[in-house]
Amino acid sequence: MTGADSHPEDARTLPSQLLRLVAVQEIQRVMARYSQFVSARRYGEWAGLFAADGQFTGPEGVRAEGTEGLEKYIRASHAGWVMKQITTNSLIDVDLGEGTATASSDWFVFRVDGGQNRVAAVGRYEDEYVFTAGQWRIQRRHAVTLKDGVVGEPTVPDAG
């Protein structure tokens, strides 16, 4: 907008809006790498997307923490699977001042069984991100599966 239609604060907020958009795009790339790495069985790189003390809580309620614990969890939980994961519909909120973000995303997993593709699971991720060492990392990810046609309410606990 220009002239009389513009907001007086636009000039002051544009730099922070651009920084926020860059952060959102960087987090989207973390989400894409997450799906790509788990699908390709690149479990060490998958675990590296998390902060050093990052946590993952799976749909079955099992919680893994730290790089080694995360890699051990994903190797065990995906042993023998041939699969492809898709993550979509991500809503991301960034707090640049704190270097944190939250996100909610839908996901689904295709699994190959006996040469047939099938949807193995559908659900939602509730995430917390942290900007550390110049990169966005997953601090906490909670996976909830679709049950009885309802995914449920967001489940990320308060950071406090």
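The values are calculated or read from the model by the stated rules, or taken from the named source; none is laboratory data. Only a predicted model underlies this, so the values are computations on that prediction, with no experimental measurement involved. Ligands, DNA and RNA are excluded from the accessible area calculation, which covers all protein heavy atoms including side chains. Shrake-Rupley method; radii C 1.70, N 1.55, O 1.52, S 1.80 Å.
Listed values, structure above:
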| quantity | calculated |
| --- | --- |
| Probe 1.4 Å - accessible area at Asp53, Å² to nearest ten | 90 |
| Per residue accessible area of segment 83-137, 1.4 Å probe, in Å² | 52 |
| Carbon/sulfur fraction of accessible area - segment 64-154, other protein chains in place, 1.4 Å, % | 51 |
| Range of Cα positions in segment 72-115 per principal axis (Å), largest first | 49, 26, 9 |
